[in-house]
Amino acid sequence: MASPPLPPTAKIFCPNSTSHTSTATFNPLFPKKSRRPSLATNPKQGFVCKATKNNDQNHDCMGKLDRRNMLIGLGAGGLYGTAGLETNPFAFAAPVPPPDLATCGPADKPDGTIIDCCPPNTTTIIDFKLPDPGPIRTRPAAQNVAKDLLYLAKYKEAVELVRVLPEDDPRSLAQQAMVHCSYCDGGYPMAGFSDLEIQVHFCWLFYPWHRWYLYFHEKIMGKLIDDPTFALPFWNWDAPAGMYIPSIFTDPTSSLYDQYRNAAHQPPKILDLNYGGTDDDTDDKTRIKENLTTMYQQMISKATSHHLFFGEPYRAGDDPNPGAGNIESIPHNNIHLWTGDPTQTNGEDMGTFCSAGRDPIFYSHHSNVDRMWSLYKARGGTDITKTDWLDTGFLFYNENKNLVRVKVRDSLDESKRGYKYQDVDIPWLKSKPTARKSKNKRKAAVSSAQLTSKFPATLSETISVEVARPSAAKRTAAEKAKEEEVLVISGIEFAGSGMLKVDVYVNDDADVVSGKDKAEFARSFVHVPHRANKKLKTTLRLGITNLLTDLGAEEDSSVVVTLVPKFGKTPITKGGFFFFLEHNWFG
């Protein structure tokens, strides 16, 4: 049965101009989230789209999109496009300021329990200055540490010392875990916007905040054991050699042990980088193949722009959780859920943000996340150049118990802060996915009866939507390198207190979807529980240029997007689906 024709689409277009001011059609559905003053004109007349030179990652038009971008929304029985892709379409330079420790308040666990995660308060704050890095610290792969008895002894001693420090000592493991809790579970109101919380996940602050967090944790441990060369190990989960909980963390008599881990996921259980809340009968060989393909997808196929790799912009006055980047969503979130203990109320320790820092494996997990940033840049990726990212500030206590104010801009070069990563094999570089379908059967076998015709929709079951593309023209390699075709699923709303995973497929069969090693698998939306009684709103952004090439669908006028809820309280999508071409800022 043929699919029903798509209704007319709404087009919103910013002319490619570098010297004139353009006016774009007003969209009454535009989500005005920011508390900052609007620079919009009268809504009935449209709003001003100021054209500037196309550099410094400018996105000033229509939610600060690059002027060459075109958005096409859907009106398919309730589906609609959204003009704004970033939180505030009229945003000026507004970096998130460091929190005021005096305003720190109670955080909450996903089950609603109120906890105090606030650090010791002081009025003395020093500004971070890049030190002489001294001897370069090498962060080793955790699976290799068991053979280095001298290093392992130092590591165990360092963790033991941070464990036995008084809980009110800002260097203690307890306080280090609270740092993560305060920044991630609603402990800090945003300076100047008391009704907004600071959240360093699900946005472009994810990488730099955690890099700073690891830096000070590592320096504290080195100071306690009087070894300036000490470096944290990284959990090498992106290679088969490290796709299990490293053995150094499994000895119950060791300071590295945490009792709140999933008992079913102890070695030699292979880690599932696409963990969906339950274990299946996938054999180890297939699981490893899927894991490697996932890493290829997240680091190569779908990491072709700043936006896709780092996540959505998040500025002063913005609502939290605008949208996560590739690695944060998968596999970072999946590993948190896979490692935490499902018998605990909130999946403690790793399965929820408020307690994750109590498990030493958390810091090794995030060391490998940080390593992904380094590998991204080694491949030619560049950092964001917008000042509202570079000048965002955080507060951390250092190894001398001094409160230090830092900025994102000073986190960009790990060598300037004295560390690097051990060289290990990167097998996912050669793990490109293959298409499940042959090119002459590339369109998903979804009947008109299966196609969802109305949004908002609660994902209680698998749904498929036919989405029109902005262009059915086949693009050259140069054009693909210049602009990434992006599929956006907007208006995702869900309860922050529960685990959540929704898989997204393009041009796949809805009844029996592909494996995670196939090109049809676009990505997942994955949520780690971190707030109680709070509805979260976010956006999922998927780079699909390579996917369309792999599926032979570059010249198709539409694609079928299939959403498969895997576990948790399924989200309500109040927005819709739309495509646009985004300037590729990768190199």
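The values are calculated or read from the model by the stated rules, or taken from the named source; none is laboratory data. Please read all numbers here as calculations on a predicted model, not as lab measurements. Positions of Cβ are generated from backbone atoms using ideal geometry, with glycine treated the same way; all protein chains shown enter the neighbour counts. Note: areas computed on protein heavy atoms with side chains; ligands, DNA, RNA excluded. Shrake-Rupley method; radii C 1.70, N 1.55, O 1.52, S 1.80 Å.
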(request) Find the centroid of the Cα atoms in the range 103-153 and in the range 264-303, then give the distance between the two in whole Å. (result) 28
(request) Pull up all non-local amide H partners of A324: gap of 5 or more, or a different chain, and H-to-H distance under 5 Å with H placed in the peptide plane. (result) E312, T539
(request) Using the structure shown, select from K386/K535; K219/K416; K129/K420; K269/K566; K147/K289 the pairs with a Cα to Cα distance greater than 24 angstrom. (result) K386/K535; K147/K289
(request) Read phi for every residue in the range 530-541 and hand back ³J(HN,Hα) as whole Hz from Karplus 6.51 cos²θ - 1.76 cosθ + 1.60, θ = phi - 60°, with x for Gly and Pro. (result) 7, 9, 9, 6, 9, 8, 9, 10, 7, 9, 10, 10
(request) May I ask you to list the aspartates and glutamates whose Cα is less than 12 Å away from that of K518, ignoring any residue fewer than eight positions away on the same chain? (result) E290, D508, D550
(message) List the aspartates and glutamates whose Cα sits under 20 Å from the Cα of K574, skipping any in the same chain fewer than 8 residues away.
(response) E86, E312, D318, D319, E461, E466, E493, D503
(message) Could you report the accessible area of E399 in Å², rounded to 10, computed with a 1.4 Å probe on the protein chains as they sit in the structure?
(response) 40
(request) Using amide H atoms built 1.01 Å from N in the peptide plane, name the residues 5+ places from I463, or on other chains, whose amide H lies under 5 Å from its own. (result) L563
(message) Just to verify a number: FRET efficiency for K147 and Q259, C-beta to C-beta distance, R0 = 25 Å, to 0.05?
(response) 0.45
(request) Assuming R0 = 51 Å, can you tell me the calculated FRET efficiency for the pair E555 and D281, based on Cβ-Cβ distance, to the nearest 0.05? (result) 0.85
(message) Output wanted: per-residue J couplings in Hz (rounded whole) for the range 320-335, from phi through Karplus 6.51 cos²θ - 1.76 cosθ + 1.60, θ = phi - 60°, x for Gly and Pro.
(response) x, 6, x, x, 8, x, 3, 5, 4, 5, 9, x, 3, 5, 4, 5
(request) Leaving ligands, DNA and RNA out of it, report the carbon-plus-sulfur percent of the accessible area of the range 134-268 at a 1.4 Å probe. (result) 57
(message) Report the Cα centroid-to-centroid distance between the range 162-210 and the range 498-549 in angstrom, as an integer.
(response) 27
(request) Which order do the peptides 572-584, 199-211, 136-148 take when ranked by the mean count of other beta-carbon atoms within 10 Å per residue, highest first? (result) 199-211, 572-584, 136-148
(message) Suppose every Lys and Arg Cβ carries +1 and every Asp and Glu Cβ carries -1, with no other charges. What dipole size does the range 226-293 come out with about its Cα centre, to the nearest 20 debye?
(response) 100
(message) Report the gain in length on full extension from I300 to T113: 0.36 nm times residue separation, minus Cα-Cα distance, nm rounded to one decimal.
(response) 63.3 nm
(request) With a probe of 1.4 Å, find how much accessible area the range 538-587 has per residue, and write the answer as a whole number in Å². (result) 26
(request) Pull out the extension gain between E157 and I126, defined as 0.36 nm times the separation in residues minus the alpha carbon to alpha carbon distance; nm, one decimal. (result) 8.3 nm
(message) Can you tell me how the range 452-587 classifies by the Cα gyration tensor, rounded, prolate or oblate, using a/c under 1.5 as the rounded cut?
(response) prolate
(request) Calculate, in nm to one decimal, what E493 and I136 gain on full extension: separation in residues at 0.36 nm each, minus their alpha carbon distance. (result) 124.1 nm
(request) Rounded to whole Hz and in sequence order, give me ³J(HN,Hα) for the range 491-505 from the Karplus expression 6.51 cos²θ - 1.76 cosθ + 1.60, θ = phi - 60°, writing x for Gly and Pro. (result) x, 7, 10, 6, 6, x, 7, x, 5, 7, 8, 10, 8, 10, 10
